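No lab work stands behind these numbers, since they all come straight from the coordinates. It should be emphasised that the depicted structure is a prediction, and the values quoted were computed from it without experimental measurement. Don't worry about glycine lacking a Cβ; one is built from the backbone with ideal geometry, like all the others, and counts go over all protein chains shown.
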Amino acid sequence: MTLHPAENRGYRELYLTGRQLVEHWGKLARMLAGTGAEAPLRQGADAVRELLLELEPLTAKQGLHGRFAAQGSGAGVGSARGVVIDRFLERNQALRFAVGELEHVITLLAYLGAVSEGRGNTELATLCRSWERRLGSCTRAANEAVLELAGDPDAAIEPLDGSPLGRAAHSAARAVGTAGEWVDRRLARG
């Protein structure tokens, strides 16, 4: 059975976004070492890495290979995100955005499971359904880490990246936010 274009594109997206998550969550775990977020981030990255390893032989049997281009692109995106975007974020923001990355992977698995099931590809459908459930526990653990961070608001709003460049980027983001608040107050007053 050959893959339908919806499956082909979806599985390539899964390779890319999965690999991006593995890289990004690994970097976040290092940046949040010693906090309640470290373990869920490491476990989530490890789980998605395992998913990708299980997926490779199943898609390869149907002519879809995602290791080099798709996963390589995902690794690049994950690294670039950590170098550029994360520098502007507070700890709580980075962690909440990371949960969204995993939720995207889970939604993609649900979609691919339904497409594969509808086409009679039970092997891929079963893998997707299984990983959709398994990654749900990773989402719950990451959400618990977000709530734990909320218990210490001062720590929650610390810059994710404590380097001089990270602190400068965080200050710039705060300045933009402050200016936006000022504009909104002025406009609200009429």
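Give me a comma-separated list of calculated 3J(HN,Hα) values for the range 50-59, in order, Karplus coefficients 6.51, -1.76, 1.60 applied at θ = phi - 60°, integers in Hz, x for any Gly or Pro.
So the Karplus estimates, Gly and Pro as x, are 5, 4, 4, 5, 6, 6, 3, x, 6, 6 Hz.
Let me have the 222 nm mean residue ellipticity of the chain computed from DSSP H runs of 4+ only, each contributing -39500 (n - 2.57), with the sum over all residues rounded to the nearest 500.
-28000 deg cm²/dmol
Once Lys and Arg get +1 and Asp and Glu get -1 on their Cβ, which of MET31, SER137, ALA47 lies farthest toward the positive end of the dipole of the chain?
In the chain, that residue is MET31.
Which percent of the Cα-Cα distances in the range 115-190 go past 22 Å?
When all Cα pairs of the range 115-190 are counted, 61 percent exceed 22 Å.
Just need log10 I(q)/I(0) for the chain at q = 0.07 Å⁻¹, Debye formula, equal scatterers on the alpha-carbon atoms, no solvent, rounded to two decimals.
-0.25
If I fit a long axis through the Cα atoms of helix 122-150 and take the longest principal axis of the Cα atoms of the chain, what angle between them do I get, 0 to 90°, rounded to 10?
So the helix axis and the longest Cα principal axis differ by about 10 degrees.
Could you check the simple spin-label distance between LEU147 and HIS4, using points 7 Å along Cα→Cβ, in nm with one decimal?
My value for the distance between the label points is 3.8 nm.
Please list, in chain and number order, the residues 5+ apart from GLU90 or on another chain whose amide H is under 5 Å from its amide H, with Hs placed from the backbone.
LEU160
Tabulate in residue order the Karplus-calculated ³J(HN,Hα) for the range 106-113, using 6.51 cos²θ - 1.76 cosθ + 1.60 with θ = phi - 60°, rounded to whole Hz; enter x for Gly and Pro.
5, 5, 5, 4, 4, 4, 5, x
What percent do you get for the relative contact order of the range 5-189 when only Cα pairs under 8 Å and 6+ apart count?
29
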